[in-house]
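Peer 1: Take a look at this one; I'll ask things after.
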Amino acid sequence: MMRLNALSLRGWLGRRKAGPTAFSTSKVERSATCGSCRHFNNDPGRLEREIKGLAALSSARASVRADDGICALHDRLAGRRFRCHHHSGIATLSRGSTRERCFATS
Amino acid sequence: MAEELAAEAGAIAGSGPARSTSGWQELWLKEDWWSIWLGLGLVLASSLLYAQGLNLRWIAVTPARWSMPEQLVHDLIANAPRYLAQFTLWLVAFSIALKALGLRAARFVPGFILLYVLAVAIFAIGQWDQASAYNLEPPLVALLVGLAISNLIGLPRWLDDSFRVEFYVKIGIVLLGATLPVALIVWAGPIAILQASTVSVATFLVIFWASRWLGLERRLAAMLGVGGAVCGVSAAIAISGAVGGKKQDTSIAITTVIVWAIVMIFVLPLVARALSLHAGVAGAWIGTSEFADAAGFAAAQAYGNLVGKVPGIAGSTDQTLWAFTLMKVVGRDVWIGIWAFVLAIIATTRWEVSEGGGRPDPAEIWWRFPKFVLGFVVASLLITFVTWDLSLADYNRSAAPILVAPLKDLRTWAFIFSFLSIGLTTRFRELAHSGLRPFIAFSIGVVINVTLGFVLSTIVFAPYWESLTR
């Protein structure tokens, strides 16, 4: 039954989610993108080392990757502009000199 | 618990703020743009020299055709200064680009010496007058030699800094633009988009549904689907980033794509040869049914090289590459941003996002756009402009051998660097264990992709691909 459901359009798309889990618009979360989180790393050399086979027929330095990186907390790829309840960043503000304390919203 | 996880992960990550490569910085931080700078630099240099009655022939040296080993040795010795100059040109240009991309020039040099020596050997083998009789097509030989070295002998991993598969193939694609008239892009581009879109959507839906049927997670299903439908490994990494795919799943999708892409490098030209397909038709089919640019160019170049050497294959080598490029690059690759954007919307509004997510931004379509395609189009425009007032006869007599031929030879070098690099960086024992279900799901898509691509290329749109001429 579950497999038949997978073939339906709803199974394909999934249920529409309610509430803020998809992307939150609270003030705190707006300011906390993965790009400023210490769990996030988008160094292309590291991506090529950690994702097996990436450099064989593609590259972490290609435009298609945009600014994506690896979230070490969730072991997932994430966009630099993603937001997360477990943000734990040391954000660099303008000019790269001032640092914020880490925070989590969950 | 969350704090413990965070602390542990932070220790692993150990990173400062992430580096942004968007905006103007992309111009020097992404290899797509560096392939444009280097490729267009060569096209521009060739055009300026042509205007002065000069050309790049001297530095675009290639081994001459030979039948006896002594002839080859004599040719290589006689042209040693030209090879040295060409090696220096590549070395300096690549070193500057790769340094800007964050790689160490000191590591690049020894690896590139090895790569260039192997490339000369591969090129020379391809120039043997009996090479086709023994199936010694340079792309296939380069791939096999690379695979043998990396999997049987082994090379230090730091040498991988020199084996930049994508970078080299993108430079080759930009140079290929110089040989493809703009009129052809305009004329055949829409057909390529129509054929490629038909096959891409069908392939994606089949792989996605098969993956879900087999119980795979949606994000992995999407990575596999777009990997098969659009641009292989590049698509898998782009979609993974867009939908927040698991790192392990990303490796699984990439491994699956690599295995099939390498199999297809050999299978597609072999089947096309058995059926004596027209060069343009075969190029279109390979462009529809291969999974990665570099792998596809290896297959297309291998088949194109057979024209004139194997009886029964009509057309020209250029037609194979033109049809392949129009289908793969124009028909499939340029749409990756749209695939990523649409799937990001679905992922963030429909799929479970317990951890992480973000509001999809339409600008993602541009961020992920394979920018080297712009270089390909500009190169075509530039050469079309330079040769605007020439008749076809004049073009073939003066511009083709002086302006375009050296660029074609330099393009062949770039492709051989890429084909060798595929083998040298593909270490089968290091690839992720993909498991049977992703492989089965992807394989079902391969059957649909190859069959549909074959029917559209050889029957429905065959007249277009057969008449792809200047």
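What follows draws every value from the coordinates through simple rules; no lab data is involved. Fair warning: this is a prediction, and the values are worked out from it, not measured in the lab. So basically every Cβ, Gly included, is an ideal-geometry build from the backbone, and we count neighbours across all protein chains shown.
Peer 1: Within 10 Å of each Cβ in B:149-162, how many Cβ atoms from other chains are there, averaged over the peptide? Kindly include the intermediate steps, with their values, before the conclusion.
Peer 2: Values: counts 0, 1, 0, 0, 0, 0, 0, 0, 1, 0, 0, 4, 3, 0.
For peptide B:149-162, the averaged partner shielding equals 1.
Peer 1: Can you find, among B:Ser46, B:Gly287, B:Thr203, the residue sitting farthest towards the positive end of the charge dipole of the protein assembly as shown, where Lys and Arg contribute +1 and Asp and Glu -1 at Cβ?
Peer 2: Ranked along the dipole, the leading option is B:Thr203.
Peer 1: Let me ask something additional. Debye sum, Cα scatterers, chain B, no solvent: what log₁₀ I/I(0) at q = 0.09 1/Å?
Peer 2: Log10 I(q)/I(0), no solvent term: -0.59.
Peer 1: Quantify how strongly other chains surround peptide B:229-237 by giving the mean number of their Cβ atoms within 10 Å of each of its Cβ atoms. Numbers along the way, then the final one.
Peer 2: Working: counts 0, 1, 4, 2, 10, 8, 2, 6, 13.
Neighbouring Cβ atoms belonging to other protein chains average 5 per residue here.
Peer 1: Give me the extension gain from B:Val271 to B:Leu27: residue separation times 0.36 nm, minus the current Cα-Cα distance, reported in nm with one decimal.
Peer 2: Values: separation 244, 0.36 × 244 = 87.84 nm, distance 4.08 nm.
Extending this stretch completely gives an extra 83.8 nm.
Peer 1: Please give the peptides B:327-334, B:203-210 ranked by average Cβ packing (other Cβ atoms within 10 Å per residue), highest first, as a rough proxy for protection.
Peer 2: Details: B:327-334: 25.8, B:203-210: 23.8.
In descending order of packing, they fall as B:327-334, B:203-210.
Peer 1: Among the listed pairs B:Lys170/B:Lys246; B:Lys30/B:Lys247; B:Lys99/B:Lys246; A:Lys52/B:Lys170; B:Lys99/B:Lys170, which have their C-alpha atoms separated by more than 26 angstrom in this model? Numbers along the way, then the final one.
Peer 2: Details: B:Lys170/B:Lys246 28 Å; B:Lys30/B:Lys247 22 Å; B:Lys99/B:Lys246 30 Å; A:Lys52/B:Lys170 21 Å; B:Lys99/B:Lys170 17 Å.
As for pairs spanning more than 26 Å Cα to Cα, those are B:Lys170/B:Lys246; B:Lys99/B:Lys246.
Peer 1: How much FRET efficiency would the formula 1/(1 + (r/R0)^6) give for B:Ala363 and B:Ala183, where r is the Cβ-Cβ distance and R0 is 25 Å, rounded to 0.05?
Peer 2: Working: r = 32 Å, r/R0 = 1.29.
The formula returns an efficiency of 0.20 here.
Peer 1: So, one more: Normalising by the residue count of chain B, find the relative contact order in percent from Cα pairs under 8 Å and 6+ residues apart.
Peer 2: Numbers: 727 pairs, mean separation 128.1, N = 470.
It rounds to 27 percent for chain B.
Peer 1: Against the longest alpha carbon principal axis of chain B, how many degrees, from 0 to 90 and to the nearest 10, is the axis of helix B:232-243 turned?
Peer 2: 30 degrees
Peer 1: Additional query: Which aspartates and glutamates, if any, have their Cα less than 18 Å from the Cα of B:Lys309, not counting same-chain residues under 8 positions apart?
Peer 2: Those aspartates and glutamates meeting the cut-off are B:Asp129, B:Glu137, B:Asp318.
Peer 1: Follow-up question, since we're still on this one. Across 20 Å bins from the origin, how do the percents of Cα pairs in the protein assembly as shown run, short distances first?
Peer 2: The distribution over the protein assembly as shown is 21, 54, 22, 2, given as percents.
Peer 1: Suppose every Lys and Arg Cβ carries +1 and every Asp and Glu Cβ carries -1, with no other charges. What dipole size does the range B:30-466 come out with about its Cα centre, to the nearest 20 debye?
Peer 2: Working: 29 positive and 24 negative charges, 131 e Å.
Around 620 debye, computed over the range B:30-466.
Peer 1: Dipole of chain B (Lys/Arg Cβ +1, Asp/Glu Cβ -1, origin at the Cα centre): which of B:Trp260, B:Thr179, B:Thr250 lies farthest to the positive side?
Peer 2: B:Thr179
Peer 1: To test your reading of the geometry: what angle, between 0 and 90 degrees and rounded to tens, separates the Cα axis of helix B:436-455 from the longest principal axis of chain B?
Peer 2: 40 degrees
Peer 1: Pairing the Cα long axis of helix B:279-289 with the longest principal axis of chain B, what angle in degrees results, from 0 to 90 and rounded to the nearest 10?
Peer 2: Helix B:279-289 sits at roughly 20 degrees to that axis.
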